[in-house]
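The values are calculated or read from the model by the stated rules, or taken from the named source; none is laboratory data. None of these values were measured; they are calculated from a predicted model. Neighbour counts run over all protein chains shown; Cβ positions are idealised from the backbone, glycine included. Note: accessible area is taken over every heavy atom of the protein model, side chains too, but ligands, DNA and RNA are not part of it. Shrake-Rupley method; radii C 1.70, N 1.55, O 1.52, S 1.80 Å.
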Amino acid sequence: MYTYAFPGNIEDDILQIAAQQIPYMRTEWFSGIMKENERMLLDMIGCRGGRVMFYTASGTGAMDAVVENYVAAQGKAFVIDGGSFGHRWAQLCEYHGVDHDVMAVPFAKDINYDELESMVAKSQPKVFLCQHHETSSGQKFNLPKISAICKKYGVSLVVDVISSFLADELNMDEYGIDVAITSTQKGLNVPPGAALVFLSASALKKEFLHRNYYFDFQDNLKNLERGQTPFSPATTLFMQVHERMLRNTAKGIRQIISECNAKALYFRSLCKKYGWEVPAECPSNAITGFFVNRNGDVLFRELQKKDIFIMPCGKPNFFRVSHMGLQTNDDLDNLAAAIHEIESR
């Protein structure tokens, strides 16, 4: 099977970790695994003095936890809605009764940062919610510009980095990010099922609300001191995270991002060759979103017959290809040829 959907193809030995008998998690050994996971993750994301909370949940679970515990405690929020995932921040604020303003950004377009500053100045929010990379379109937003606006107006910055962590340049301390979230099935290139919430040193000093028993920040942080989660974790999944992070640490963040960028640029050259439009004004390394010329209504299904998976979207003829996981230029050549063959029928 060739998968260009998240998390991409995974090394057999990492997959086999989940095929082992499941060790008991309330042990010093597993606590050591989790403490080392936290240390390596904080180093990779550039968050000195911060903490990482580990949830057995999807990335949306982490978003929910952040709104319930952190955003609702701070006050009014400002949301960038640049696609289905940005819209989810707005939905969560509405669900939890958090006052918020929204800036709608057209599909695959960058933010008008001058307009953004004017809206933030008028809104006077306490928290800013955005995606680093809007996965539904492939558009990457400019975090340094967003950070500068947040700093100017004293706004706490919360960023969904689910599909940019380990794909694009990202440093929490440098960008002034208070809270960041990610999940296991994107840049970490292991199976889905766990979400991570990064809290900066400054965020740890703030008050949290206690609205959810399972996601409660205070309880999770307390258990983190002993390298544990309050409730049963996805044990083998966190063991896979550990192996992945050992390899990432050995390789180094610069090399990881460089390899992802090279795959993205190569596939985009194939898009140009076959006449497929890549609409994102500032595309992330994580994925390439592109419009095929025809037969988009059958492309996803026909690729499955070839044991190939890409990611569809709600827009006609629009698809996305991940650049995370095991992937060579030959693989991408074969993928592009298969897509071209189907659209040419």
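Assorted remarks:
- Among the residues of the stretch 1-35, those identified as more than 12 Å from PRO191 (Cβ to Cβ) and in a loop (DSSP other than H, G, I, E, B) are MET1, TYR4, ALA5, GLU11, GLN20, GLN21, ILE22, PRO23, TYR24, MET25, ARG26, THR27.
Yes/no matrix, rows are residues, columns are (1) at pLDDT below 95; (2) in contact with a strand residue (DSSP E or B) (Cβ under 7 Å, 6 or more places away or on another chain):
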site	(1), (2)
ALA180	no, yes
SER183	no, yes
ARG211	yes, no
GLN228	no, no
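- When we screen ASN261, ASN329 for residues that are farther than 24 Å from GLN139 by Cβ and out of contact with any strand residue (DSSP E or B) (no Cβ under 6 Å at 6 or more places or on another chain), the only hit is ASN329.
- Taken over the stretch 123-133, the residue count meeting the criterion of being open to solvent by 60 Å² or more (accessible area, probe 1.4 Å) and closer than 23 Å to ILE181 by Cα is 1.
- The sole residue among SER136, SER183, SER156 that is more than 24 Å from MET239 (Cα to Cα), touching a helix residue (DSSP H, G or I) at 6+ places or on another chain (Cβ under 8 Å), hydroxyl-bearing (Ser, Thr, Tyr) and open to solvent by less than 10 Å² (accessible area, probe 1.4 Å) is SER156.
- When residues of the stretch 254-281 are limited to those that are outside any helix (DSSP H, G or I) and open to solvent by less than 20 Å² (accessible area, probe 1.4 Å), the one nearest to PHE198 (Cα to Cα): ALA280
- For the stretch 11-38, the set of residues classified as touching a strand residue (DSSP E or B) at 6+ places or on another chain (Cβ under 9 Å) and either over 22 Å from LYS222 (Cα atoms) or exposed (fewer than 15 other Cβ atoms within 10 Å of the Cβ) (or both) consists of GLU11 only.
- Residue that is nearest to CYS313 (Cα to Cα), among those in the stretch 100-122 that are over 21 Å from the mean Cα position of the chain (by Cα) and open to solvent by less than 10 Å² (accessible area, probe 1.4 Å): LEU116
- Residues satisfying the criterion are present in the stretch 168-176 (criterion: surrounded by fewer than 24 Cβ atoms within 10 Å (Cβ to Cβ) and among the aromatic types (Phe, Trp, Tyr)).
- Members of the stretch 48-86 found to be surrounded by fewer than 22 Cβ atoms within 10 Å (Cβ to Cβ), closer than 18 Å to PHE238 by Cα and touching a Pro at 6+ places or on another chain (Cβ under 9 Å), listed by number: THR56, SER58
- Of all the residues in the stretch 289-345, those that are outside any strand (DSSP E or B), touching an Asp or Glu at 6+ places or on another chain (Cβ under 7 Å) and open to solvent by less than 30 Å² (accessible area, probe 1.4 Å) number 3.
- Candidate set: the stretch 189-231, residues that are at positive phi and touching a helix residue (DSSP H, G or I) at 6+ places or on another chain (Cβ under 6 Å); chosen: the one most open to solvent (accessible area, probe 1.4 Å): GLY193
- The stretch 124-135 residues that are without any contact (Cβ under 8 Å) to a residue 60 or more places away in the chain and polar (S, T, N, Q), paired with ones that are part of a loop (DSSP other than H, G, I, E, B) and open to solvent by less than 10 Å² (accessible area, probe 1.4 Å) (beta carbon under 7 Å, 6 or more apart): GLN131/GLY82; GLN131/PHE141
- Residue within the stretch 246-253 that is open to solvent by less than 50 Å² (accessible area, probe 1.4 Å) and in contact with a strand residue (DSSP E or B) (Cβ under 9 Å, 6 or more places away or on another chain) present: no
- Residue within the stretch 1-15 that is within 29 Å of GLN139 (Cβ to Cβ) and touching a helix residue (DSSP H, G or I) at 6+ places or on another chain (Cβ under 8 Å) present: yes
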